[in-house]
Amino acid sequence: MKLLIGGYTKKKATGIYELPLYNSDNGLKVELGTAKEVIKIGGPTYFVQDRDLIFTINNAGDKGGISSFQLVDGAYQEKDSYLTAGSSPAYIGIDSVKHLLYTANYHTGVLAVFSYTTDGQLTLIDSVTHTADTLGPRPEQVDGPHPHFFDETPEQNLVSCDLGNDCVDFYRLQNNKLEHLAKYQNEAGFGTRHIVFSPDGNYFYVVGELASKVNVVQFNEKDWTFNNIATYSTIPDDYTDHNGAAAIKISHDGKFIYVSNRGHDSITVFAVKEDHALELKQRVSTFGEFPRDFNWDPSEQFVVATNQNTDNATLYKRSAEDGCLTPIQKDIYVPEGTRVLFSE
């Protein structure tokens with residue numbers, strides 16, 4: 001098992017790094033080894049993997065887009081790129097069965113769908129551009145739409161989160177064209193960023209970056225009806241400094257929700273009750289500054305959070321019983337890390 005971490009390349013970082021995850025002390029302790037660069041590329045703030053292929057955001061100076069790399073004889077080789085003038089996307093999702101990629105561009109408002117081949121060749125299928133329909137009141141919102149997420153729903157429709165418009169939009173890809181299906185509107189100033197779904201597909205949990213909140217919503221993907229259940233703060237009531245909620249994860253059993261806080265510099269853990277209300281279980285430090293992303297291994301026993309501003313990561317052991325995280329390794333050097341992905 002190993003870890004892949006990418007992020008900004010504005011200071012020390014130069015691409016995507018690999019860290020080995022191994023047993024030491026006769027198997028009694030799991031540790032992350034030293035980070036080494038495996039892909040040299042600009043601004044790989046988010047990336048996904050399909051077996052020997054990695055698809056990553058690429059900030060190529062005055063152009064931005066995505067690039068593909070394939071592992072050949074122990075080294076990653078660039079296979080293809082799709083770049084356009086302007087900023088790179090903020091998010092890339094994947095369907096490894098359909099060989100589809102989904103990107104959301106925060107700055108240009110564009111959602112795009114790509115297909116890819118087994119050797120990493122990329123083809124744009126379709127794209128749509130969000131417009132300023134329901135812009136929120138905060139400074140980060142008044143300049144236009146800002147889609148921050150684009151990926152699949154439980155029924156394999158598509159869903160986007162728009163920070164500028166405070167909304168969740170649902171689409172269908174039919175005959176290689178994106179068709180808008182429905183919209184769920186968050187409260188003004190919420191800053192809709194990322195979303196996860198319950199295992200039964202009847203609820204979603206959407207995190208608001210600007211409000212530092214999680215909104216729990218019951219929905220029906222057949223008739224597109226929505227029932228707003230409740231909204232919960234990811235930070236303490238008495239915390240007054242700036243915070244931006246970022247990544248959100250749900251455990252495979254649907255019992256726990258995790259959110260990273262940039263500013264409070266923590267991961268908040270909620271238990272999902274039988275009525276889908278959330279119960280605060282823990283706020284645990286990330287032992288660094290500005291944790292944009294975190295992730296777990298396939299067994300969900302271990303969690304790694306990266307701190308973008310302090311060039312370090314933290315490894316936790318996760319309890320499946322109460323959902324809580326226990327730090328077991330701190331101050332792991334990774335420059336400007338944002339995206340975290342466990343890999344075989």
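Taking the residues in the range 292-318 that are among the small types (G, A, S) and either open to solvent by less than 30 Å² (accessible area, probe 1.4 Å) or touching a residue at least 40 places away in the same chain (Cβ under 8 Å) (or both) as candidates, determine which candidate is nearest to H194 (Cα to Cα).
Residues of the range 292-318 among the small types (G, A, S): 299, 305, 313.
This time we only want the ones that are either open to solvent by less than 30 Å² (accessible area, probe 1.4 Å) or touching a residue at least 40 places away in the same chain (Cβ under 8 Å) (or both), so: 305, 313.
Numbers: A305: 17, A313: 21 Å.
So, considering only residues that are among the small types (G, A, S) and either open to solvent by less than 30 Å² (accessible area, probe 1.4 Å) or touching a residue at least 40 places away in the same chain (Cβ under 8 Å) (or both), the one nearest to H194 (Cα to Cα) is A305.
For the list (1) within 19 Å of E336 (Cβ to Cβ); (2) part of a strand (DSSP E or B); (3) open to solvent by 30 Å² or more (accessible area, probe 1.4 Å); (4) not basic (K, R), I need the number of the one condition that E289 fails.
With respect to (1) within 19 Å of E336 (Cβ to Cβ); (2) part of a strand (DSSP E or B); (3) open to solvent by 30 Å² or more (accessible area, probe 1.4 Å); (4) not basic (K, R), E289 is out only on (2).
Look through F55, F69 and report the one residue that is under 19 Å from the mean Cα position of the chain (by Cα) and either within 19 Å of P335 (Cβ to Cβ) or open to solvent by less than 50 Å² (accessible area, probe 1.4 Å) (or both).
It is F55.
From (1) touching a Pro at 6+ places or on another chain (Cβ under 7 Å); (2) farther than 22 Å from G201 by Cα; (3) open to solvent by less than 10 Å² (accessible area, probe 1.4 Å), pick out the condition that doesn't hold for A132.
(3)
Hey, does the range 94-111 have a residue that's assigned to a loop (DSSP other than H, G, I, E, B), open to solvent by less than 10 Å² (accessible area, probe 1.4 Å), under 20 Å from D162 (Cβ atoms) and in contact with a Pro (Cβ under 7 Å, 6 or more places away or on another chain)?
Yes, the range 94-111 has at least one match.
Give the residue that is farthest from T314 (Cα to Cα), with candidates limited to residues of the range 273-286 that are part of a strand (DSSP E or B) and open to solvent by 20 Å² or more (accessible area, probe 1.4 Å). Show your work before the answer.
Our first condition is that a residue be part of a strand (DSSP E or B); within the range 273-286, this holds for 278-285.
Now restrict to residues that are open to solvent by 20 Å² or more (accessible area, probe 1.4 Å): 279-283, 285.
Numbers: E279: 24, L280: 21, K281: 19, Q282: 16, R283: 14, S285: 9 Å.
Once the filter is applied, the top-ranked residue is E279.
Select from the range 155-189 the residues that are more than 15 Å from R138 (Cβ to Cβ) and among the polar types (S, T, N, Q) and write down the one among them that is least open to solvent (accessible area, probe 1.4 Å).
S160
Could you check the range 292-335 and list, in sequence order, the residues that are under 14 Å from E31 (Cα atoms), part of a loop (DSSP other than H, G, I, E, B) and either charged (D, E, K, R) or touching a Cys at 6+ places or on another chain (Cβ under 6 Å) (or both)?
D297
Output yes when any residue across the range 232-254 is open to solvent by 20 Å² or more (accessible area, probe 1.4 Å), in a strand (DSSP E or B) and more than 16 Å from F197 (Cβ to Cβ), and no when none is.
Scanning the range 232-254, I find at least one residue that is open to solvent by 20 Å² or more (accessible area, probe 1.4 Å), in a strand (DSSP E or B) and more than 16 Å from F197 (Cβ to Cβ), so the answer is yes.
May I ask you to verify whether F270 is crowded, with 23+ Cβ neighbours inside 10 Å and among the hydrophobic types (A, V, I, L, M, F, W, C)?
yes
As an exercise: evaluate K40 against (1) open to solvent by 50 Å² or more (accessible area, probe 1.4 Å); (2) in contact with a strand residue (DSSP E or B) (Cβ under 6 Å, 6 or more places away or on another chain); (3) closer than 20 Å to D293 by Cβ; (4) modelled with pLDDT of 90 or more and give the number of the one condition it does not meet.
Just one mismatch for K40, condition (3).
Being buried (at least 18 other Cβ atoms within 10 Å of the Cβ), part of a strand (DSSP E or B) and touching a residue at least 24 places away in the same chain (Cβ under 8 Å): is that true of H148 here?
The answer is yes for H148.
The values are calculated or read from the model by the stated rules, or taken from the named source; none is laboratory data. What you are looking at is a predicted structure, and each value in this text was computed from that prediction instead of being measured. Positions of Cβ are backbone-derived with ideal geometry, glycine not excepted, and every protein chain shown enters the neighbour counts. Calculation scope for accessible area: heavy atoms of the full protein, side chains included, ligands and nucleic acids excluded. Shrake-Rupley method; radii C 1.70, N 1.55, O 1.52, S 1.80 Å.
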